[in-house]
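Quick notes on the structure that follows.
The values are calculated or read from the model by the stated rules, or taken from the named source; none is laboratory data. Note that this is a predicted model, so its numbers are computed, not measured. With ideal geometry, Cβ positions are generated from the backbone for all residues, glycine too; neighbour counts draw on all protein chains shown.
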Amino acid sequence: MSKFIKKNERALLGASLFSLAPYAFYFGKMSDWATFSSAITQIRTYAFYWMPIAAYLLLFFAYFVKRAAKWHDYFIVTAWLFFVGGIVNLVNAWHMTGRAAQTILRNVFIQISGNWPVGIFMSLSLILLTGLALNAVSTVAEDLEEIWSDFIKSLKNPLVLLMGATSLILVGSLMFWQIHRTRELATTAAGMGYKGGAYSIWIYGTLVLIIYTLMVLTGITFFFATVDNWWREFMRFSRQLRDFRLKKYIYRTLSGYIYTVTYLGVVAFAAVAVPAYTMAGFEISRSGDSSGVHLLHWLFIPGALLLGWIVTYVVLLAVRIVVETTVALVHVAQNTSKLR
């Protein structure tokens, strides 16, 4: 199974990404989201809205990043944590309504807002992403073990001690915040109409705490696993800035940073905007059709997503051409200066 996943990782990653889009960006009837500001407030407030979007965005970057890149496996593992975290929060929300477990299963994993394909695609994406994460988590675990070993060996270094203490404070603060939040919910749940036991609230709170803690540990591991590369790059650029005689052009180096930031910005915007507008257009089209939902409405989703991704590629191509043209001019100027 592991060999099959490694061999077909990119195809499975693309399928998981495509299947996650409806679940991450379909928020129900448009009447429930009257204005853009209210929609943003709802998404920001409830974890079962913003966590799947974060998972989708991470999967989007994982799909485009080279498999050999350090952050590829980290993106997959973190996306799985966000995905599972969103589901746990959604199940908890359904549980707080006091409904039966059968209702939770139907509304979370099978049928969401009366549209069963959304839940089916979500379940498919979760299965695929879980398989990918099981392969990728070994990289994160190996890095964490190596970082911990290096930390023990370098305890006498003040900088290492400071960074370790900062990491512990970060993890401890997160744990305190989640425990305090769960305690408050357990205290006020009865007044909100919840008739279940407080133990179930603590069960969900503990699951969320574990997921959030794993997210922070993954982020800390990624930072320490890549900090040497970032620091060397920063020092190299700093040495170029200290060239007071201006013998070297730094624009070629700086343009790489500019292009990276621009590329990531375009991809991040497209990753969110394309599926969001796609699902909004789907809801508008199906709500305005008195005959109900039929196949053409569902075909609108893959068609709009494909069109959006094509437009994104064209924009990235245009940005690349502009940057390359500018760098070429600087390269010509640099070579010309050597002939003087």
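Of these, Phe176, Phe121, which one is part of a helix (DSSP H, G or I), assigned by TED's automatic domain parsing to the domain that holds Phe75, among the aromatic types (Phe, Trp, Tyr) and under 19 Å from Phe82 (Cβ atoms)? Reasoning before the result, please.
Numbers: Phe176 fails: under 19 Å from Phe82 (Cβ atoms).
Selected residue: Phe121, the only one of Phe176, Phe121 that is part of a helix (DSSP H, G or I), assigned by TED's automatic domain parsing to the domain that holds Phe75, among the aromatic types (Phe, Trp, Tyr) and under 19 Å from Phe82 (Cβ atoms).
Please go through region 63-93 and pick out each residue that is assigned to a helix (DSSP H, G or I) and at pLDDT below 75. Before the answer, list the steps.
First pass over region 63-93, keeping only residues assigned to a helix (DSSP H, G or I): 63-64, 70-93.
Answer for region 63-93, where residues must be assigned to a helix (DSSP H, G or I) and at pLDDT below 75: just Lys70.
For the structure I just gave you, tell me whether Ser255 is in a helix (DSSP H, G or I), surrounded by fewer than 14 Cβ atoms within 10 Å (Cβ to Cβ), at pLDDT below 80 and polar (S, T, N, Q).
Values: in a helix (DSSP H, G or I): yes; surrounded by fewer than 14 Cβ atoms within 10 Å (Cβ to Cβ): no; at pLDDT below 80: yes; polar (S, T, N, Q): yes.
Answer is no for this residue.
For region 202-218, which positions are of a type in the set (A, V, I, L, M, F, W, C) and farther than 15 Å from Ile76 by Cα? Give the steps one after another, and end with the answer.
Pass one, region 202-218, residues of a type in the set (A, V, I, L, M, F, W, C): 202-203, 207-211, 214-217.
Matches in region 202-218: Trp202, Ile203, Leu207, Val208, Leu209, Ile210.
Name the single residue that is nearest to the chain's Cα centre (by Cα) among those in region 120-146 being surrounded by fewer than 16 Cβ atoms within 10 Å (Cβ to Cβ), under 17 Å from Thr226 (Cβ atoms) and not small (Gly, Ala, Ser).
So, considering only residues that are surrounded by fewer than 16 Cβ atoms within 10 Å (Cβ to Cβ), under 17 Å from Thr226 (Cβ atoms) and not small (Gly, Ala, Ser), the one nearest to the chain's Cα centre (by Cα) is Glu142.
Give me the pairs, please: first residue somewhere in region 159-170 and under 14 Å from Trp148 (Cβ atoms), second residue anywhere and modelled with pLDDT of 85 or more, beta-carbon distance under 7 Å, and either six or more positions apart or on two chains.
Within 7 Å, the pairs are Ser167/Ile220.
Please find, among Ile152, Ile147, the residue that is in a helix (DSSP H, G or I) and without any contact (Cβ under 8 Å) to a residue 60 or more places away in the chain.
Details: Ile147 fails: without any contact (Cβ under 8 Å) to a residue 60 or more places away in the chain.
Sole residue among the options that is in a helix (DSSP H, G or I) and without any contact (Cβ under 8 Å) to a residue 60 or more places away in the chain: Ile152.
With the condition kept exactly as written, say whether any residue in region 282-302 is loosely packed, with under 11 Cβ neighbours inside 10 Å, on the phi < 0 side of the Ramachandran plot and at pLDDT 80 or above.
Scanning region 282-302 turns up no residue that is loosely packed, with under 11 Cβ neighbours inside 10 Å, on the phi < 0 side of the Ramachandran plot and at pLDDT 80 or above.
Which pairs turn up if I take residues in region 214-230 that are more than 20 Å from Ser173 (Cα to Cα) and look for partners that are not β-branched (Val, Ile, Thr) with beta carbon separation below 7 Å, at least 6 apart in sequence or on another chain?
Ala225/Lys70; Ala225/Asp143; Thr226/Lys70
What single numbered condition from (1) over 18 Å from Val274 (Cβ atoms); (2) surrounded by 12 or more Cβ atoms within 10 Å (Cβ to Cβ); (3) at pLDDT below 85 fails to hold for Leu12?
(3)
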